Amino acid sequence: MTIRSTRLHKGAILAAALASLVHAMPAQAEDIPTIRVGWTMPGEDSKYWMMKRPEKFEALGKTYNVEWVQFQGTAPMVQAMIAGALDCSTQGALSLANGHLQGGLNSYVVASHLGTAPDSFSPYWAVAEDSEVKTGADLKGKTVGINVLGSGLYGQLYLYLKAAGLDPQKDIKLVETGFPGSEDALRAARVDAAVMNQPFAAKAEAKGGIRKLFTINDVTPNSLQIFEVCRKDFVDENPELAANYVRDLTRGMDMALADRAESIKVASEVTKAPAEVLDGFYMKDGQDFERAPGAAVDFKVLQAMLDLYHDAGMIPAKLDAESFHHAQIAAPLN
Amino acid sequence: MSRHLPSICAGLVLLLMWQLAHLSFGLSGLPGPMAAFAALPELISDADALYDIGQSLQRMAAGYLLAAAFGISFGLLMGTSPLAERLLNPLIMMIYPIPKAALMPILMIWLGIGDMSKILVIFLGSSLPIIYHSWQGGRSVSQIVVWSAAAMGMNRAQRLFRIVLPAALPEIFIGLRTGLILALITMVVSEIVARSNGIGNLLFNSMDMALYDRMFAAIIIIAAMGYALDLIFEAIRRRFLRWSDQQDQIQVAVG
């Protein structure tokens, strides 16, 4: 045997070994389907538990995997779902409606993440402590901040202004401040009223000098803020896979609600916010949003929100919330 | 020490202005430099944070190297061929002002939400100054020298690699330096919309959680990365342009 043929022989053995290794390694992963999921922060506790405590879930990592992709807000997640780049993601009622009406995105609402209830925290508009603005009517001619133009929160602002006898389109100047910039915009007098959400609201309240003008609960006592949505074609083609995912969302939410201390730890690991900072408001009565047991979705509340957006001219057509409701695959699923 | 004194003084002035702005405005979103620096050790000792920085730098390197290879070739073609210049110049001028980050949602739809769309944004963001300066570098080469080389028997490839490219190098390096900083900027911006990892995790997650000291610590890390990359770049440039009569420092041309 020549040196050349020996080298070839060794090379062939090495290539065969590598090929078998390469073939063997993904075999396990190939057997388990992967769901591509978009997420954002804060407040998606069931997902945070799935990311950081996967061993607590029966199906996750065993019958399916999740590829987590973080997004800045819900609107780009709708685009990614329309493009087929995501199977499931977090959405709000307005992004769900716009995605359906303008992007042709057909989807199912499968679980809830955060909502508001009469005794929970709800986003609110604040004014400076010494502001002359005491009622909605006082906002006439004023500059009002909002997290993003076209935000779902505009629906409640719209109703509030209408109830105060104002024309929401003409009587105020609406400017985009973002949640992070809201407090500073108010304190620097760049806006007369600013929208507040957690965790920024807790920080601003601790500093003082602001007062609530109205909360969205004053306008709509119950609301769904963010919830989980899966593409219709994905669910219809993979019902068992989608059901496993929703089952784990249900379990994740129940574990989060059962153990606040651990949930804060989990949220801290995801958000990198110190646990002691989260402890001030996270999952605290009156200080944080409502989390529904079992991540159940209240489709009546969803319907009310869709109607509100239509009445406010934010969506061009009426929508039936039940059209986003899968008969079997919706939390709570055990 | 005296060589670095101006840089140290500039840094101190910047910190002083930052502290003054913090004290004057009293905004939650603008912590003082002390608070931001105090958050640094925790950030750089976090294995996840270092992984995020590494992932971003990998994407930036891929986008920038592609931009350098493409930009120099494209620019020299424009600089040496009047036909290519007439054809491509309007195209470059139209693409130049487009904010590349605004393309992110569209690229995400075409290329998915993985690394490809981010690398493409970095490539687009950093390639245009490289093209422009390579083009100008190619144009500045004296035609008499090129003709003389041709008369001496050099073929087209020899003229390109032995005459045009070396003569255009000082200008090309200006484009590469500007492109490097733009690559760093677009690297951060490319992670605003969607991300699985990267320095955007440090920056935008801190903003979302109102952790402003941590957010500014991440900005300090990005600034330090920019400074370090520029020092490395300058060392490489000096090595390549030892022969050049240019001054030691080249100016960044922001296009």
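If chain A were replaced by its equivalent ellipsoid, with semi-axes equal to the square roots of 5 times the Cα gyration tensor eigenvalues, what would those be, largest first, whole Å?
On the way: eigenvalues 396, 99, 77 Å².
Taking √(5λ) for each eigenvalue gives 45, 22, 20 Å, largest first.
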statement: Per the Kirkwood formula over distinct C-alpha pairs, the hydrodynamic radius of the protein assembly as shown in angstrom is 27.3
message: Helix A:3-31 against the longest principal axis of chain A: what's the angle in degrees, Cα atoms only, rounded to the nearest 10?
response: 40
query: Just how far, in whole angstrom, is region A:94-114 from region A:158-187 if you go by their alpha carbon centroids?
result: 25
task: Enumerate the amide H contacts of A:Ser112 below 5 Å, restricted to partners 5 or more residues apart or on another chain; note that Pro and chain-start residues carry no placed amide H.
output: A:Glu228, A:Ala296, A:Val297
statement: Restricting to aspartates and glutamates and to Cα separations under 17 Å from A:Lys284, and discarding same-chain partners fewer than 8 apart, the set is A:Glu44, A:Asp45, A:Asp119, A:Glu205, A:Asp254, A:Asp259, A:Glu262, A:Glu276
message: Can you find, among B:Met60, B:Ala157, B:Gly75, the residue sitting farthest towards the positive end of the charge dipole of region B:57-195, where Lys and Arg contribute +1 and Asp and Glu -1 at Cβ?
response: B:Ala157
query: So if we plug the beta-carbon distance of A:Lys207 and A:Asn106 into 1/(1 + (r/R0)^6) with R0 = 30 Å, what FRET efficiency do we get, rounded to 0.05?
result: 0.10
- prompt: Over all pairs of distinct alpha carbons, what does the Kirkwood formula give as the hydrodynamic radius of chain B, in Å?
  reply: 20.4
query: How large is ³J(HN,Hα), in whole Hz, for each residue of region B:170-179 in order, when computed from phi with the Karplus curve 6.51 cos²θ - 1.76 cosθ + 1.60 and θ = phi - 60°, using x for Gly and Pro?
result: x, 5, 4, 5, 5, x, 5, 5, 4, x
- request: Can you tell me the FRET efficiency between A:Glu240 and B:Ala102 if r is taken as the Cβ-Cβ distance and R0 is 56 Å, rounded to the nearest 0.05?
  value: 0.90
Karplus-derived 3J(HN,Hα), 6.51/-1.76/1.60, for each residue of region B:139-148, Hz, glycine and proline x: 5, 6, 6, 4, 5, 5, 5, 5, 5, 4
task: Among the aspartates and glutamates, select those whose C-alpha is under 18 Å from the C-alpha of A:Lys232, and discard any that sit fewer than 8 residues away in the same chain.
output: A:Asp87, A:Glu240, A:Asp320, A:Glu322
query: Roughly how many nanometres apart are two label points built 7 Å out from the Cα toward the Cβ at B:Tyr227 and B:Ala38?
result: 2.1
query: Most fluctuating residue of B:Val146, B:Val189, B:Val164 in a GNM of chain B with Cα springs under 10 Å: which is it?
result: B:Val146
field: Lysine pairs within region A:124-219, Cα separation less than 25 Å, 8 or more sequence positions apart or different chains
entry: 23
Backbone HN-Hα couplings from phi across region B:127-134 [Karplus 6.51/-1.76/1.60, Hz, Gly and Pro as x]: 6, 5, x, 5, 4, 4, 6, 5
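Where nothing but the Cβ of Lys and Arg (+1) and of Asp and Glu (-1) is charged, how large is the charge dipole of chain A around its Cα centre, in debye to the nearest 20? Could the numbers behind the result be given before it?
Details: 32 positive and 41 negative charges, 208 e Å.
With only Lys, Arg, Asp and Glu charged at Cβ, the dipole is about 1000 debye.
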- prompt: Over region A:124-219, what relative contact order in percent results from Cα pairs under 8 Å that are six or more residues apart?
  reply: 47
query: For B:Leu241 and B:Leu91, what does the FRET efficiency come to when R0 = 51 Å and r is the distance between their Cβ atoms, rounded to the nearest 0.05?
result: 0.95
statement: Those cysteines in the protein assembly as shown that have no second cysteine Cβ within a distance under 4.7 Å are B:Cys9
field: Relative contact order for chain B, counting Cα pairs under 8 Å that sit 6 or more residues apart, in percent
entry: 26
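How high is the relative contact order of chain A, in percent, with contacts defined as C-alpha pairs under 8 Å that are six or more residues apart?
Numbers: 576 pairs, mean separation 86.8, N = 334.
Averaging sequence separation for qualifying contacts and normalising by length gives 26 percent for chain A.
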statement: The base-10 log of I(q)/I(0) that the Debye equation returns for region B:81-165 at q = 0.21, 0.25, 0.26 Å⁻¹, one scatterer per C-alpha, is -0.97, -1.16, -1.21
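Read-outs: derived from the displayed coordinates by stated rules, not from any lab. Computed from a prediction, not measured in an experiment: that's the story for all the values here. Using ideal geometry, Cβ is built from the backbone for each residue, glycine included, and neighbour counts are taken over all protein chains shown.
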